[in-house]
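Derivation of every value follows stated rules applied to the coordinates shown; laboratory data play no part. Just so it is clear, the model here is predicted, and its values are computed rather than measured. No Cβ is skipped: glycine too gets one built from the backbone with ideal geometry, and neighbour counts run over all protein chains shown.
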Amino acid sequence: MSWLEAEFDVIVVGGGHAGTEAAVAAARLGARVALVTSALETIGQMSCNPAIGGVAKGTVVREVDALGGIMGRATDRATLQFRMLNRSKGPAVWAPRAQCDRGLYRRAVRTLLERHANLLTIQGTVARLIMDDGRAAGVETLEGRRFGARAVVITTGTFLRGRIHIGTTTQIGGGRAGEAPTTHLAEQLEAAGLTVARFKTGTPPRIDGRSVDFTRVEKQESELGAFAYRWSHFEDPGLEPLTQLPCFITHLEDAGKEIIATHIGESAMYGGAIASRGPRYCPSVEDKIVKFPEAARHQLFLEPEGLETTEMYVNGLSTSLPAEVQLRTLRTVRGLEQVRMTRAGYAIEYDYYPPTQLGLTFQVRAVPGLYFAGQINGTTGYEEAAGQGVLAGLNAGLAALGRGEPLVLGRETSYLGVLADDIVTRGVDEPYRLFTSRSEFRLTVRQDNALRRLAPVAERLGLYDAPERAAVARRMEREDALTETARRTTIRPEQAAALVERSGTAPLSHALKVAELVRRPGIGLAELLAAAGAPIDEGGEALVTAELELKYAGYYVRERRAAEKLQRMGGFALAAELPYETMRSLTIEARQKLSAQRPMTLAQAARIPGVTPADLQNLVIEVERWR
Ligand code: FAD
């Protein structure tokens, strides 16, 4: 091989959410890592909404954290607004979501990377892979710098042949607004015989907060005080929460809808400029108006971009209409009558590599030593990218260091396991995003118990340092002590009477262990222990987890049995004339895809991307009812 500037165990290409996690994961294994990215200033950049978490995604952040990742820690340093979604449905389905200061998030990610002495960050746009006997053996940048590696992880997001569209006449090559696309590398990957396809996504306009009439919009305060929530499991005693900022809610109503409907032909997505598929669950405002004409209005969130800027993000108004139409639409919205637009929204089309070309380790099957993670695999979302980054980084590191078995997480352990299995074995036919319905283990795979599920994996791989190991041990001991106390403590009927009556369940006829009584709905562990004369002195997340583990003790077995039953029922016949459109217990996506593809068996239905385990369970019931 000709001259190399330096050699590493693992080179990661791209400093987005997948790349930064891949680099940290490999570094934690002890690998010598280089993160090569086009601009060091954009490491950790959030391309779209400056928010982390949400339903299923919040759990992924905690899984990434449990495996030593940085997304949770960076979010703790940058949270401006916090909401616990699903709050009314109880802690089993709580879904944390944070609005971040975009600049602080980026800086936090870079600081956290630079803590690893064996991880170098290098500015450079990778123009091509260096190959050695059919293996990926390094990278060469546009400036001609050459670096060798035993494994290369590519995480270039939306940059490969990225093309930005605003209206039908403005098209700019770009990986993200203001940044050049990656073309040389895209050409080389395609020439290597890999299958490539195109997806699209979009982003809304941003506005100047000084031009918003805040008296005409609804204010939504942060809930950080109510939860004192930390994303990271690893304490940082010196970390003070930032000043919290509110979000604001307003709506797109008839006047705005009319403008969009009139100009729909000028939208890049509807005027024929873009043909590829976009994310079903992050639809553009054009999509919303065409597909849901009956909706009276569409909710918009005005979200702060940072503590030191007045710029705001208009969540819900992703669009590729001409800039002038965007501004006119904005000005029809209550509170935005005089608004100034700081940046126009746009759509972007980019290459992705269908992930069925990967093994479960995220290694490209046709090119040993080459791994892909993040949006390049046809997924969408920061958290999905981060999760893949961790898995690809760990596997690249393990392979490069010659360390034993690769890491493949089961579906029952994590959303990361579900994500990897879904995309690699079933592929994607639209940008893939995680939902709770994609997992058949929704009650036992929760955001609060990520450490319990994944710390053993991290310990086995040696990912933690000493203070982290101690933090994990403290948390596990606390949970175990609470569970043990609940198992040991007996509660008499008269002690439990008030709580049992409040829960609306049958009165006790004899004394019971607290661990048994807590399984009843509406009864909490702390209050039961207090009533039984064994009060606990501190609550916190260990209490939430201990309580839920006791409540759902039987569910894991049941969830597992249900999943096995589905597998056994692979031959279950699906008649050609099944009326999928009327099957209300299936998701809309499943109804549409089953109607279009008409599988003959349950096993075939299970292989359709977008048909979830929950859909399959419901489908069996629907078919039996229909027969
Ligand atoms: P990215 O975060 O894109 O990072 C890619 C990195 O690779 C960058 O640092 C880049 O500089 C670097 N890079 C690229 N090429 C090279 C090269 N040749 N050499 C070196 N470095 C290189 N997700 C949602 O969930 N909802 C949305 O509504 C949504 N809207 C979006 C709108 C837009 C306009 C864009 C661009 C993305 C949107 N996303 C959305 C997707 C989300 O931003 C991504 O899923 C996520 O950032 C992907 O992370 P990643 O690490 O794979 O790639």
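Before moving on, here are some points about what is shown:
- Computed from phi, the 3J(HN,Hα) profile of the stretch 214-222 under the Karplus parametrisation 6.51, -1.76, 1.60 (θ = phi - 60°) reads 6, 6, 9, 10, 8, 8, 10, 7, 5 Hz, with x in place of Gly and Pro.
- Basic side chains Lys and Arg get +1 at the Cβ, acidic Asp and Glu get -1 at the Cβ, and with that the dipole of the stretch 368-489 about its Cα centre reaches some 340 debye.
- Listed by chain and number, the lysines whose alpha-carbon sits under 25 Å from that of Lys257, ignoring those within fewer than 8 places in the same chain, are Lys200, Lys219, Lys288, Lys291.
- Computed over the stretch 222-368, relative contact order equals 25 percent, with contacts defined as Cα pairs under 8 Å that lie 6+ residues apart.
- Per-peptide packing, taken as the mean over residues of other Cβ atoms within 10 Å, places 567-576, 135-144 in the sequence 135-144, 567-576 from highest down.
- Each 10 Å bin, from zero up to the one with the longest distance, holds this percent of the alpha carbon pairs of the stretch 235-283: 17, 26, 23, 16, 14, 4.
- Seen from a random direction on average, the alpha-carbon convex hull of the stretch 292-399 projects onto 10.5 square nanometres.
- Using the Karplus relation 6.51 cos²θ - 1.76 cosθ + 1.60 with θ = phi - 60°, the per-residue 3J(HN,Hα) values for the stretch 529-534 come to 5, 4, 5, 7, x, 10 Hz, with x marking Gly and Pro.
- With contacts taken as Cα pairs under 8 Å and at least 6 residues apart, the stretch 149-194 reaches a relative contact order of 31 percent.
- Relative contact order of the chain, taken over Cα pairs closer than 8 Å and 6 or more residues apart, is 17 percent.
- Cβ-defined net charge surrounding Pro50, 9 Å radius [Lys, Arg +1; Asp, Glu -1]: -2
- Overall form of the chain per C-alpha gyration tensor (a/c, 1.5; a/b vs b/c): rounded
- Ranked by how many other beta carbons lie within 10 Å on average, peptides 241-253, 381-393, 94-106, 335-347 from highest: 381-393, 94-106, 335-347, 241-253
- Percent of beta bridges antiparallel (DSSP, the chain, rounded to nearest 5): 70
- Sequence-distant residues sharing a close amide H with Arg277 (under 5 Å, placed H): Lys200
- Calculated [θ] (222 nm, deg cm²/dmol) that DSSP helices of n ≥ 4 give over the chain, each run adding -39,500 (n - 2.57): -10500 deg cm²/dmol
- Euclidean distance of C-alpha centroids, the stretch 542-597 and the stretch 55-73, integer Å: 25
- Projected-area average for the stretch 61-136 over all orientations - Cα convex hull basis, square nanometres: 8.3
- Ranking Gly610, Gln567, Ile621 by how far each Cα lies toward the positive end of the dipole of the stretch 550-627 (charges on Cβ) leaves Gln567 at the top.
- A simple rule links phi to the HN-Hα coupling: the Karplus curve 6.51 cos²θ - 1.76 cosθ + 1.60 with θ = phi - 60°, which for the stretch 236-249 gives 10, x, x, 7, 9, x, 6, 4, 8, 10, x, 9, 9, 10 Hz, with x for Gly and Pro.
- Within the stretch 201-354: Cβ-based charge dipole about Cα centre, in debye rounded to nearest 20 (Lys, Arg +1; Asp, Glu -1): 420
- For the stretch 457-517: rounded, prolate or oblate by the Cα gyration tensor [a/c cutoff 1.5]: prolate
- Peptides 427-437, 594-604 ranked from most to least packed give 427-437, 594-604, packing being the mean of other C-beta atoms within 10 angstrom over each peptide's residues.
- Here the scattering of the stretch 505-627 is modelled by Debye summation over its C-alpha atoms, one equal scatterer each and no solvent; at q = 0.12, 0.13, 0.19, 0.20 Å⁻¹ the log10 of I(q)/I(0) is -0.64, -0.68, -0.93, -0.99.
- Calculated P(r) of the stretch 450-559 - Cα pairs past 19 Å, %: 50
- Computed log₁₀ I(q)/I(0) - Debye formula, equal Cα scatterers, no solvent, the stretch 99-195, q 0.14, 0.16, 0.23 Å⁻¹: -0.72, -0.89, -1.26
- Shape category assigned to the stretch 22-114 from the gyration tensor of Cα positions, a/c cut at 1.5: oblate
- When the charge dipole of the chain is built from unit charges on Cβ atoms (+1 for Lys and Arg, -1 for Asp and Glu) and taken about the Cα centre, the candidate among Ala149, Ala344, Phe441 whose Cα reaches farthest toward its positive end is Phe441.
- Size of charge dipole - the chain - debye, nearest 20, with Cβ of Lys, Arg +1 and Asp, Glu -1, no other charges: 1060
- Whole-number D in µm² s⁻¹ for the stretch 387-513, Kirkwood Cα-pair radius fed into Stokes-Einstein, 10 °C, 1.306 mPa s: 87
- Only beta bridges with both residues in the stretch 128-283 are counted; by DSSP, about 90 percent of them are antiparallel.
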